[in-house]
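Participant: One structure follows; several queries about it will come next.
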Amino acid sequence: MKRTINSIAELPNVAKELLETFAQERFFAFFGKMGVGKTTLIKDICQQLGVEDNVCSPTFAIINSYSTAEDEPVYHFDFYRLKNLNEAYDIGYEEYFYSGNWVFTEWTEKIEELLPEHYVRVEIEEKNKVRILTANIIND
């Protein structure tokens with residue numbers, strides 16, 4: 001999936017398209033520079049899933065947990081502050097990553113070697129004030 005995003009108003013449709021395109025998937029790893037819109041898109045994805053909690057970046061907590069409208073767990077990680085992989089082990093990342101529940105990761109570059117063999121890789125880059133979103137299934 002490749003999509004050009006011209007404004008923030010398009011994000012709810014992009015979130016819906018991601019969920020429809022990858023309907024069988026539960027693990028989404030987001031890649032992109034600071035300020036490119038990773039958290040904002042994850043908020044819109046969570047809204048599409050019926051999450052009523054306040055979805056925000058878990059920069060300081062590293063992980064936030066929400067529930068969908070069907071009471072399914074949603075785990076939202078922000079690895080920006082991680083100093084090393086041991087910190088990911090300390091929070092028990094495996095329990096979340098391999099739970100089969102919804103998982104959304106930001107600053108995934110910091111823990112890329114810990115990713116499961118199968119996930120959706122979502123890359124967002126900014127070019128000339130336009131966001132380019134590319135999403136693919138990774139199946140190592």
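Participant: Within region 9-62, how many residues are surrounded by 14 or more Cβ atoms within 10 Å (Cβ to Cβ), touching a residue at least 60 places away in the same chain (Cβ under 8 Å) and among the charged types (D, E, K, R)?
Facilitator: 3
Participant: Still on this structure: Quick check, is L85 more than 13 Å from the chain's Cα centre (by Cα) and among the aliphatic types (A, V, I, L, M)?
Facilitator: On the way: more than 13 Å from the chain's Cα centre (by Cα): yes; among the aliphatic types (A, V, I, L, M): yes.
Yes; evaluated as a whole, the condition is true for this residue.
Participant: So, of the residues in region 19-32 that are of a type in the set (D, E, K, R) and touching a strand residue (DSSP E or B) at 6+ places or on another chain (Cβ under 7 Å), which turns out to be farthest from V103 (Cα to Cα)? Steps first, answer last, please.
Facilitator: The first filter runs over region 19-32 and keeps only residues of a type in the set (D, E, K, R), leaving 20, 25-26.
After this cut, where a residue has to be touching a strand residue (DSSP E or B) at 6+ places or on another chain (Cβ under 7 Å) as well, the list is 25-26.
On the way: E25: 10, R26: 6 Å.
Restricting to residues being of a type in the set (D, E, K, R) and touching a strand residue (DSSP E or B) at 6+ places or on another chain (Cβ under 7 Å), the top hit is E25.
Participant: Return a yes/no flag: does region 72-84 have any residue that is β-branched (V, I, T), assigned to a helix (DSSP H, G or I) and in contact (Cβ under 8 Å) with a residue 24 or more places away in the chain.
Facilitator: no
Participant: Okay, next question. Would you point out the residue of region 17-62, among those that are among the aliphatic types (A, V, I, L, M) and closer than 22 Å to N139 by Cβ, that is farthest from the chain's Cα centre (by Cα)? Show your work before the answer.
Facilitator: So in region 17-62, the residues among the aliphatic types (A, V, I, L, M) come out as 18-19, 23, 29, 34, 36, 41-42, 45, 49, 51, 55, 61-62.
If we keep only those that are closer than 22 Å to N139 by Cβ too, we end up with 18-19, 23, 29, 45.
Working: L18: 11, L19: 12, A23: 15, A29: 5, I45: 9 Å.
Out of the qualifying residues, it is A23.
Participant: Here are some residues: I111, I91, I132. Which one is within 19 Å of R3 (Cα to Cα) and among the β-branched types (V, I, T)?
Facilitator: Working: I111 fails: within 19 Å of R3 (Cα to Cα); I91 fails: within 19 Å of R3 (Cα to Cα).
Going through I111, I91, I132 in turn, just one is within 19 Å of R3 (Cα to Cα) and among the β-branched types (V, I, T): I132.
Participant: Is there any pair with a first residue in region 125-137 that is over 15 Å from K38 (Cα atoms) and a second that is among the basic types (K, R) whose Cβ atoms are under 6 Å apart and which are 6 or more apart or on different chains, and what are they?
Facilitator: Short answer, once both residue conditions are applied: N136/R121.
Read the figures in this text as sums done on the coordinates, not as results from a lab. Only a predicted model underlies this, so the values are computations on that prediction, with no experimental measurement involved. When we count neighbours, we look across all protein chains shown, and the Cβ atoms used for this are built from the backbone with ideal geometry, even at glycine.
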